[in-house]
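A single structure is presented below for examination.
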Amino acid sequence: MSRKRRMFDIDMPAMDDIPVGKVPDKVLEKRRGPMAAAISENADALRDQQSTEDSIREENDRLAHELVRLRSEGLVTEHVALSDVVTDKLARDRKAGPDPELEELKDSIRDIGLSNPIRLERRSDGRFDLIQGMRRLSAYRALREDTGDARYDQIPAGISDATDLNNSYRRMVDENLIRKDISFAEMGALARAYSEDPANDCPDADKAVAVLFKSASYTKRSYIRAFASLLMMLDKVLKHPNDIPRNLGVELKRKIDANPELVPQISTVFMSEPDRDGLREVALLRSFVTSEAAAAPKPSTSGPSKTRRAKTTFQVSGRAGVAKCSASSGRIELRYDLDFTRVDRAKLEQAIATLIDKLQEEDDLTHG
């Protein structure tokens with residue numbers, strides 16, 4: 001009698017659920033020894049470190065390129081030795097002679113430092129051309145000479161790459177256009193110097209004004225052209241051109257254009273007063289403008305009367321600003337930024353009495 005084999009029911013998992021060639025992590029952890037675990041952890045740390053270093057290197061490269069760009073545009077402030085700054089690339093619009101405001105600038109630099117760095121351009125010889133900041137540079141040099149302090153051996157500066165000469169001039173001019181103390185004579189002198197420099201290929205001062213003062217209004221450019229022309233006509237005559245008011249300079253230029261004989265007349269008068277100051281020079285120039293107006297006779301009216309002289313207008317600088325004056329036969333009018341009602345009456349009367357006493361007609365002491 002044959003024996004029957006007994007069969008058992010065994011639940012077998014599906015073939016797709018059986019992992020092939022994969023050992024569970026827990027099993028690996030049990031199989032991996034301490035040394036292998038340490039090596040694995042070290043490898044992970046090295047990979048993380050390499051990733052961090054790569055990120056830092058990329059950021060450093062980006063910052064380096066940005067620094068190069070900012071430096072090339074002069075947007076990074078650096079300290080430059082005074083001896084490395086060269087000032088002869090551009091003709092300056094600063095008037096020659098003592099600068100009354102330099103002491104104030106020196107005091108400010110001494111107390112709080114230089115708030116606005118000068119602007120330079122790199123040269124091929126390793127030095128730098130000054131573009132903006134002649135007064136600031138002068139103040140630093142004066143402080144170094146006066147004090148001997150090593151702090152003033154170097155000056156803060158923004159350094160850019162050298163550009164076209166016209167652009168360099170524009171940078172200087174545009175900064176100075178916002179200065180309140182720059183005169184039209186200074187701007188006119190700069191236009192003349194620019195046109196006379198062979199390196200600029202500029203035929204005349206009018207073209208120089210158009211190039212240099214492109215940012216200025218049309219009216220302002222016309223005033224600068226007038227002063228450039230006036231300085232050319234009275235080149236060796238004027239001693240204080242920067243004191244000439246705008247309106248006087250423009251009107252005087254117009255008068256000379258109409259009557260060139262005024263130039264030798266002005267020269268003769270000025271030669272008779274070689275020690276004149278700025279106020280006196282302006283007064284003499286104004287006399288050439290007003291004398292023609294006074295000499296022009298008005299149409300005679302019926303009846304016997306004294307020939308009336310034309311109206312004379314002029315401006316006088318005072319502590320409270322500019323006084324606008326208008327004078328005619330038997331009348332003088334003064335407009336000034338002062339409340340005359342608040343002036344002591346006795347002082348006002350004395351001033352008027354002194355004015356009347358000092359004034360007299362050339363041919364008669366009274367009006368008759």
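Give me the percent of Cα-Cα pairs in segment 180-244 that sit more than 21 Å apart, rounded to a whole number. Write down the numbers at each step before the final one.
Values: 386 of 2080 pairs.
Within segment 180-244, distances greater than 21 Å cover 19 percent of Cα pairs.
Given H placed on each backbone N at 1.01 Å, which residues far from T312 in sequence or on other chains put an amide H within less than 5 Å of it?
So T312 has HN proximity to A327, S328.
Between A162 and residues 5 or more places away or on another chain, which pairs have amide H atoms under 5 Å apart, with H built 1.01 Å from N, and which residues are they?
Residues meeting the criterion, in which the H sits 1.01 Å from N, are R122.
Let me ask another. Whole-Hz ³J(HN,Hα) for each residue in segment 337-345, computed from phi via Karplus 6.51 cos²θ - 1.76 cosθ + 1.60 with θ = phi - 60°, x for glycine and proline: what do you get?
6, 8, 7, 5, 5, 9, 7, 3, 4
Which value in nm describes the separation of the simple spin-label points at E196 and E58, placed 7 Å from the Cα toward the beta carbon?
Going from the E196 label point to the E58 one covers 6.1 nm.
Kindly rank 44-51, 339-346, 274-281 from highest to lowest mean number of other beta carbons found within 10 Å of each residue.
274-281, 44-51, 339-346
Using the beta-carbon distance between D111 and I39 and R0 = 51 Å, what value does 1/(1 + (r/R0)^6) give for FRET efficiency, to the nearest 0.05?
Values: r = 65 Å, r/R0 = 1.27.
Here the calculated transfer efficiency is 0.20.
Nearest 0.05, what FRET efficiency do E175 and R335 give at R0 = 25 Å with Cβ-Cβ as r?
Efficiency at R0 = 25 Å is approximately 0.15.
Every read-out reported here was derived from the displayed coordinates using simple, explicitly stated rules and does not represent laboratory data. From a predicted model like this one, the values you see are computed outputs, not experimental measurements. Here the Cβ is made from the backbone with ideal geometry for all residues, glycine too, and neighbour counts use every protein chain on show.
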